[in-house]
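Quick one: the structure is below, questions incoming.
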Amino acid sequence: MSIDHRKALDSLRALLKAHAPDALLRRLSPKHHERLAKIPSGSEITADAVAARWVVLDKPDSRKELLDAHTAGYAAVYARNIENFVGTVKVPVGVAGPLRVNGSHAQGDYYVPLATTEAALVASYSRGAQLITEVGGCVAITTNESVSRAPGFAFSRLAEAGTFVAWVLEHIDDIRKVAESTTRHGKLRDLRVNLEGNHVYLVLEYSTGDASGQNIVTIATQAVCEYLVRECPTKAEYQFVEANHSGDKKPSSQSFLTGRGRSVVAEVVIPEAMVQAKLHTPSSLIEQYWKMSAVGAMLSGTMGVQGHYANCLAAIYLACGQDVACVAESATGITRLESTKEGLYASVTLPSLIVGTVGGGTGLPSQRASLDILGLAGVGNANAFAEVCAAIALAGEISIAGALAAGHFTSAHQRLARAPAASGGGSTGA
């Protein structure tokens, strides 16, 4: 990270103004005085264990908020999802929709639960969803499904690394059997090799059924690593079950180009009369906005071209028990907005939706309730859920582009985010 010399100088002057040099050095030096008490750790959720943690925290008002009677009554269900449990945080949940999806898996009208503290967000997505529904719904297609894990192996010389690769490629069927022996749902779909000097990266791609699959692929890959250590005659000096080549929880060109999780494309065409009636701007100006925003994205080095996928994905992931950190990789893709003879053509391509409808947090009470609102809880629904995620992202892209083109973006936020008693209707913000 480089910093302009003027900014660096301003920061230094501000520090020295607040602290004399000697005092600043003392402030930044290691401290060895008595530390705060250690939090009683573990995944145990009993009344005594939770109470012991609150004794250490010594914040009775915070305890009342985080450990209310309802949370305390359900506390045991969180044992497989959290360590050092002390309570729950309540995030407001709004519902956007109805959203009509004509998908390869998702079929019908959906009310989409969104958990957020950002005013104007649900109103904006609901506006886009209703517009999509009025024109008969959007098309959505799941084009790929695979979750990767990428172990790394280090050798003393390139020749050894090459010999290891050759052995691996000759034993792919055996590797597949080992990986799939760890799971009822995971299947090893592909194995790619990246040879970098005397290091070898194996990119293993799995299908994971209706689970998002992060734990499935980790456990399967650990078994593969143990098999390679045991059976391969060329021994690595050391190895790691994940060598940061999978794109896990970070935007990457690899995931953007080849997909990680579920890859979904969605599109809709909105007649010109409806564009102007509902978005209060012509489709030609929305296209001009999109062109300028595409260049702006390139100038800033953005991965892909899109307005705000993270807004809806973070909200629906949180509401529906997904791993919210996966928004880092899921919120990349391409939005296209074009003025045609029919009206506004809009599409989104999201290559890396890490989502599931079983496992993880999907079985927790509130999160299961949100999936039930969608009608997509449990087995057989993960691809449909991914298509709904893409469809609600499409709704948000249309809404925010319309708001910016019409000049309503700022006023919507002022009205909904600042007004003492804001009404919820007709927002164009995002």
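The values are calculated or read from the model by the stated rules, or taken from the named source; none is laboratory data. Everything numeric in this text was worked out from a predicted model, so none of it was measured. Reconstructed Cβ throughout: ideal geometry from the backbone, glycine too, with neighbour counts over all protein chains shown. Heads up: the accessible areas ignore ligands, DNA and RNA and are worked out on the full protein's heavy atoms, side chains in. Shrake-Rupley method; radii C 1.70, N 1.55, O 1.52, S 1.80 Å.
Please go through (1) touching an Asp or Glu at 6+ places or on another chain (Cβ under 9 Å); (2) open to solvent by less than 20 Å² (accessible area, probe 1.4 Å) for A120 and return the number of the only condition it doesn't satisfy.
(1)
For the stretch 341-379, what are the residues that are open to solvent by 50 Å² or more (accessible area, probe 1.4 Å) and of a type in the set (S, T, N, Q)?
T349, S366
Which ones in the stretch 138-151 are over 21 Å from S207 (Cα atoms) and either out of contact with any Asp or Glu (no Cβ under 8 Å at 6 or more places or on another chain) or open to solvent by less than 10 Å² (accessible area, probe 1.4 Å) (or both)?
Of the stretch 138-151, the ones over 21 Å from S207 (Cα atoms) are 138-139.
Across the stretch 138-151, the qualifying residue is only C138.
Among the listed residues A52, A96, A76, which satisfies the condition of being open to solvent by less than 50 Å² (accessible area, probe 1.4 Å), assigned to a helix (DSSP H, G or I) and either touching a residue at least 24 places away in the same chain (Cβ under 8 Å) or not acidic (D, E) (or both)? Explain how you work it out, then say what you get.
Working: A96 fails: assigned to a helix (DSSP H, G or I); A76 fails: open to solvent by less than 50 Å² (accessible area, probe 1.4 Å).
It is A52.
In addition: Could you tell me whether S263 is among the polar types (S, T, N, Q), in contact (Cβ under 8 Å) with a residue 40 or more places away in the chain, surrounded by fewer than 23 Cβ atoms within 10 Å (Cβ to Cβ) and under 26 Å from A377 (Cβ atoms)?
Numbers: among the polar types (S, T, N, Q): yes; in contact (Cβ under 8 Å) with a residue 40 or more places away in the chain: yes; surrounded by fewer than 23 Cβ atoms within 10 Å (Cβ to Cβ): yes; under 26 Å from A377 (Cβ atoms): yes.
Taking the combined requirement at face value, the residue satisfies it.
Could you go through the stretch 9-16 and let me know if any residue there is touching a residue at least 24 places away in the same chain (Cβ under 8 Å), at negative phi and of a type in the set (D, E).
If we filter the stretch 9-16 for residues that are touching a residue at least 24 places away in the same chain (Cβ under 8 Å), which is where we start, we get none.
So far as the stretch 9-16 goes, no, none of its residues is touching a residue at least 24 places away in the same chain (Cβ under 8 Å), at negative phi and of a type in the set (D, E).
Is it true that some residue in the stretch 241-255 is over 21 Å from the mean Cα position of the chain (by Cα) and more than 30 Å from R100 (Cβ to Cβ)?
So in the stretch 241-255, the residues over 21 Å from the mean Cα position of the chain (by Cα) come out as 241.
When the remaining residues are screened for being more than 30 Å from R100 (Cβ to Cβ), the result is 241.
Yes, the stretch 241-255 contains a residue that is over 21 Å from the mean Cα position of the chain (by Cα) and more than 30 Å from R100 (Cβ to Cβ).
Let me ask something additional. Give the residues of the stretch 253-268 that are more than 30 Å from V193 (Cβ to Cβ) and either part of a loop (DSSP other than H, G, I, E, B) or of a type in the set (D, E) (or both), sorted by residue number. Spell out how you get there, then give the answer.
Keep residues of the stretch 253-268 that are more than 30 Å from V193 (Cβ to Cβ), which gives 266-268.
Listed by number, the list holds a single entry, E267.
So, one more: Go through the stretch 176-234 and give me each residue that's farther than 26 Å from G321 by Cα, touching a helix residue (DSSP H, G or I) at 6+ places or on another chain (Cβ under 8 Å) and among the hydroxyl-bearing types (S, T, Y).
Result: S181, Y227, T234.
Conditions (1) open to solvent by 40 Å² or more (accessible area, probe 1.4 Å); (2) among the small types (G, A, S); (3) assigned to a loop (DSSP other than H, G, I, E, B), marked per residue:
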residue	(1), (2), (3)
I216	no, no, no
I219	yes, no, no
C225	no, no, no
R230	yes, no, no
P233	yes, no, yes
P251	yes, no, yes
I270	no, no, no
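If I filter the stretch 138-149 for residues that are modelled with pLDDT of 95 or more, over 30 Å from V241 (Cα atoms) and out of contact with any helix residue (DSSP H, G or I) (no Cβ under 6 Å at 6 or more places or on another chain), do I get at least one hit?
Yes, there is a match, as at least one residue in the stretch 138-149 is modelled with pLDDT of 95 or more, over 30 Å from V241 (Cα atoms) and out of contact with any helix residue (DSSP H, G or I) (no Cβ under 6 Å at 6 or more places or on another chain).
Criterion first (open to solvent by less than 100 Å² (accessible area, probe 1.4 Å) and either among the charged types (D, E, K, R) or closer than 30 Å to F85 by Cβ (or both)) does A18 satisfy it? Lay out the reasoning, then the answer.
Numbers: open to solvent by less than 100 Å² (accessible area, probe 1.4 Å): yes; either among the charged types (D, E, K, R) or closer than 30 Å to F85 by Cβ (or both): no.
For A18, the condition - open to solvent by less than 100 Å² (accessible area, probe 1.4 Å) and either among the charged types (D, E, K, R) or closer than 30 Å to F85 by Cβ (or both) - is not met.
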